[in-house]
Structures are given as structure tokens and as C-alpha cells.
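The next block holds one structure in the form of C-alpha cells; read it before the comments.
The values are calculated or read from the model by the stated rules, or taken from the named source; none is laboratory data. Note that this is a predicted model, so its numbers are computed, not measured. Ideal geometry is used to build each Cβ from the backbone, glycine not excepted, and the neighbour counts take in all protein chains shown. Protein only, heavy atoms only, side chains kept; ligands, DNA and RNA dropped before computing areas. Shrake-Rupley method; radii C 1.70, N 1.55, O 1.52, S 1.80 Å.
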Amino acid sequence: MITTKLLDGSKTSIEIRKNIKKIIKKEFINKKKYLPHLGIILVGNYISSKIYVNNKIKECKNIGMNFTLKHFKSNYSEGDILQEIINMNKNPLIDGFIIQLPLEKHIDKNKIILSINPKKDVDGFHPENFGKMALDMNSFIPATALGIITLLNKYKIKINGKHTVVIGRSKIVGRPISILMSRKNIIGNSTVTIVHSKTKNIEFYTKIADILIVAIGKPQFIKGNMIKNGVIIIDVGINNINYNKILGDVDYKSVIGKASYLTPVPGGIGPMTRIMLLNNTLKAALNRK
Ligand code: GUN
């Protein structure tokens with residue numbers, strides 16, 4: 001039996017929050033005399049999107065940032081959203097903004113993302129930021145991926161030369177984290193395999209992973225018999241079962257005693273993602289001319 005250590009995202013996010021608050025006080029309250037400001041565009045009525053957005057707003061209030069929420073509830077067109085993006089791009093008081101995903105089918109997601117000013121793209125989804133990330137240039141990095149590497153770094157987990165298996169190739173998590181883990185960088189230099197819905201024999205890959213990053217949105221998908229002893233597991237899943245219990249993508253009980261490190265759900269990657277969005281907003285605000 002191995003003692004599985006938990007990678008505590010809640011505790012780590014509290015430390016980062018303290019640091020962001022300190023910078024807001026020093027640079028904004030005392031010097032610039034205004035607060036960093038996050039814009040949020042919420043489209044439609046997805047319950048999970050509303051929960052995510054509410055949590056982001058709570059975090060803004062908690063940390064002392066301004067926010068503007070624009071919610072298109074129904075009878076909106078793609079043009080309405082594009083107009084709001086133009087407004088936020090132009091608004092000198094808004095440092096950065098996000099459009100909560102997913103979007104409904106009649107909205108062209110690529111057109112929406114391409115219309116965001118990359119300097120305000122605190123989600124890091126615009127091709128200018130995504131491309132810069134892939135080229136090791138300074139950019140906004142998607143919050144979940146940034147949260148994962150920040151947590152690994154916090155616990156001084158060695159990534160260099162390890163085999164990372166990423167399950168899921170979403171543009172929000174799987175794709176960006178696979179790029180970051182393989183970058184020629186202090187945090188990176190890992191050998192990365194991406195596993196997805198068309199992969200044959202997923203277990204072959206999960207069993208040879210040194211680091212397993214699971215982001216597929218299937219509750220308790222990874223079981224103890226699919227991993228090797230000592231693996232480091234990052235569970236990105238936030239699956240709402242009947243809206244009263246949150247389960248990760250990893251069967252927690254069956255991997256305890258086999259994994260060396262594990263992120264709990266809740267309290268692992270979720271709080272890290274929220275705080276990293278605000279960290280990106282702070283970065284945008286510090287760049288405001
Ligand atoms: N939906 C799920 N995760 C995210 C995220 O990180 N950003 C946005 N904009 N939408 C999401």
C-alpha cells in the first residue's frame with residue numbers, strides 16, 4: 001500500500017488569493033485608484049454554466065475585483081453577442097472578459113472567440129494566445145491548465161522526463177494541458193500522450209502513465225485497476241449527480257493506496273481554475289495603459 005497524498009487545491013488557491021489581494025491593494029487601491037475589472041458574457045440557460053459563472057462572481061467579490069455580467073437569456077442572435085464583445089473590447093474600464101462555454105448550436109463559437117481582443121482574452125482561447133502558448137511565448141493560459149501546472153509546481157512534483165497521459169482533447173482543458181506538459185520549460189519537458197474517444201484500448205495508456213490527467217466528464221471513469229502503482233492523478237472532472245453530489249472522473253476510493261498523489265473532487269482543480277481566471281484578469285489589469 002502506498003500512502004496517497006492529496007494535492008490540496010483549496011488550500012493552494014487561498015494562498016494565491018492572498019497574494020492577488022496584496023497586489024490589488026498595493027498596485028490598484030493605493031496607486032492606480034481603481035480596481036481590476038472582469039467582464040462575463042453568459043449565454044442561454046445551461047444550469048452548469050450558471051453555477052460556474054456564479055462561482056466566478058463570488059470569487060471576484062471575495063478578492064475585491066469589479067465585474068460586469070451580461071446575460072443573454074433567450075431570443076438573442078449571434079450579432080447580439082458579437083456587439084457585446086465589441087463593447088467589452090472597447091470599454092476602457094474592463095481589463096479582461098470571458099464568454100462562458102458551451103454556446104448553443106446556432107452560435108458560431110469560432111467567430112465569437114476570434115472577435116475577442118487578445119489583450120483582454122483572460123480565458124486564453126483566442127488563437128493569438130493559444131498559438132503563443134504553443135510557441136513558449138508569454139500569453140494568457142487557459143485557467144484549468146494553468147491551475148494544474150501551478151498545483152504540480154506548488155507540491156514540487158517533478159514533471160521533467162515523466163510520461164503524462166491526458167484523457168480528453170477538449171480545447172478548454174485536454175488540448176492546452178497537453179501542450180503545457182510537453183513545453184520546453186521549467187514546468188514541462190514531459191512526454192505526452194493524448195487519449196480520446198477514438199483511442200483503442202485506453203487502459204493500455206492509463207496503465208503506463210506516470211502522471212494521469214483526466215478530463216472527460218465521465219463520473220468515476222478511472223478505476224484502481226487501470227493505473228500503475230505510484231501514479232500522480234489529476235482529476236479535472238466536475239460531474240453533478242442529481243445536482244446534490246459532485247463526483248470526479250476518477251473513482252477516488254479505488255485509487256487511494258495506489259496513486260502517490262491525487263487531486264480531490266471537490267477541493268482540487270475546481271478552486272485552482274477559479275483563482276487562475278482572476279490571476280489572468282490581474283495580469284491584464286497590470287498591463288492596462
Ligand atoms: N466552460 C467550462 N470551463 C470554462 C472555462 O474555463 N472558460 C469558459 N469561458 N467557459 C468554460
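Data table
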read-out: 5 angstrom amide H check on V192, placed H, neighbours 5+ away; value: T164
read-out: Two-decimal Rg/Rh across region 12-140, once Rg and the Kirkwood Rh are taken from alpha-carbon atoms; value: 0.98
read-out: Estimated D of region 151-197 in µm² per second, where Rh is the Kirkwood radius over Cα pairs and Stokes-Einstein applies at 4 °C, 1.567 mPa s; value: 120 µm²/s
read-out: Restricting region 171-221 to trypsin sites (Lys or Arg not before Pro) in coil, as DSSP defines it, with at most 13 other Cβ within 10 Å; value: K171, K184, K198, K200
read-out: Region 71-133: GluC sites (Glu not before Pro) in DSSP loop, at most 16 other beta carbons within 10 Å; value: E104
read-out: Between region 69-104 and region 109-124, the Cα center-to-center distance that results, in Å; value: 10 Å
read-out: Within region 1-97, trypsin sites (Lys or Arg not before Pro) in DSSP loop having at most 10 other beta-carbon neighbours inside 10 Å; value: K33, K73
read-out: Lysine-lysine proximity count for region 152-204, Cα under 30 Å, sequence distance 8 or more or distinct chains; value: 18
read-out: Region 1-135 - accessible surface per residue (Å², probe 1.4 Å); value: 54 Å²
read-out: On Cα atoms only, tilt of 78-90 relative to the major axis of the chain in degrees; value: 80 degrees
read-out: Charge dipole of region 1-82 about the Cα centre (unit charges at C-beta), most positive-ward option of L42, G9, I29; value: I29
read-out: Separation of alpha-carbon centers, region 199-216 and region 142-174, rounded to whole Å; value: 14 Å
read-out: Region 56-100, accessible surface, carbon-and-sulfur percent (1.4 angstrom probe); value: 50 percent
read-out: Solvent accessible area, Å² - V236, 1.4 Å probe, full protein context; value: 30 Å²
read-out: Taking the C-alpha atoms of the chain, convex hull volume expressed per residue in Å³; value: 131 Å³
read-out: Dipole magnitude (debye, nearest 20) for region 199-289, charges at Cβ of Lys, Arg, Asp, Glu; value: 280 debye
read-out: With Cα atoms, 0 to 90° folded angle of helix 143-154 axis to the chain main axis; value: 50 degrees
read-out: Residue-by-residue Karplus 3J(HN,Hα) for region 218-233, coefficients 6.51, -1.76, 1.60, Hz, glycine and proline x; value: 10, x, 6, 5, 8, 10, x, 7, 9, 10, 9, 4, x, 5, 9, 10
read-out: Pairs from K32/K283; K26/K283; K218/K245 whose Cα-Cα separation, in the structure shown, is over 20 Å; value: none
read-out: Crossing angle, helix 47-63 versus the chain [Cα axis fit, 0-90 degrees, rounded to tens]; value: 70 degrees
read-out: Accessible area of region 162-289 divided out per residue, in Å², using a probe of 1.4 angstrom; value: 45 Å²
